[in-house]
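Quick note: the coordinates plus some simple rules give every number you see, no bench work behind them. Values in this document were obtained by computation on a predicted structure and should not be read as measured data. Methodologically, a virtual Cβ is constructed for each residue, glycine included, from the backbone with ideal geometry; neighbour enumeration extends over all protein chains shown.
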Amino acid sequence: MADTILTIAGVLIFFSIVFGVLRLIIGRTVIDRIVAIDTLTVVSISLIALYAHISGRFVYLDVALVYGLLSFLAVLAIARFLEKGR
């Protein structure tokens, strides 16, 4: 049962990556592309967490947490830059 759930999670993460890349390519404005990149970072964090669970090495969860914090700060910095640029 657990293997089935992990397989379904992997497939859903794969589709999320595909749709995120499509939004990154098709996005008309800079804001669309920034949201797509932010979505891809969230998906990669979930991929790191899934790998940590599969491999049994939960030190990767610390990596995912730091990556999430850095991603959040980067999106804030980009938002401030775009706000002042207008």
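Determine the calculated [θ] at 222 nm for the chain from helices alone, applying -39500 (n - 2.57) to every DSSP H run no shorter than 4 residues and normalising by the residue count; nearest 500 deg cm²/dmol. Mind dumping the intermediate values first?
Details: 3 runs with 77 residues, N = 86.
So the calculated ellipticity at 222 nm is -32000 deg cm²/dmol.
For Asp32, what is the net charge nearby, where nearby means another residue's Cβ is under 12 Å from its Cβ and Lys, Arg count +1, Asp, Glu -1?
Computed value for this residue: +2.
Figure the gain on full extension for Tyr67 and Ser46 (residue separation times 0.36 nm, minus the Cα-Cα span) and round it to one decimal in nm. Show your work: numbers first, answer last.
On the way: separation 21, 0.36 × 21 = 7.56 nm, distance 1.09 nm.
Stretched fully, the Tyr67-Ser46 segment lengthens by 6.5 nm.
Quote the FRET efficiency, to the nearest 0.05, computed for Phe58 versus Arg33 with a Förster distance R0 of 22 Å and r equal to the Cβ-Cβ distance. Once rounded, the FRET efficiency stands at 0.10. With semi-axes defined as the square roots of five times the eigenvalues of the C-alpha gyration tensor, the equivalent ellipsoid of the chain measures 29, 17, 6 Å, largest first.
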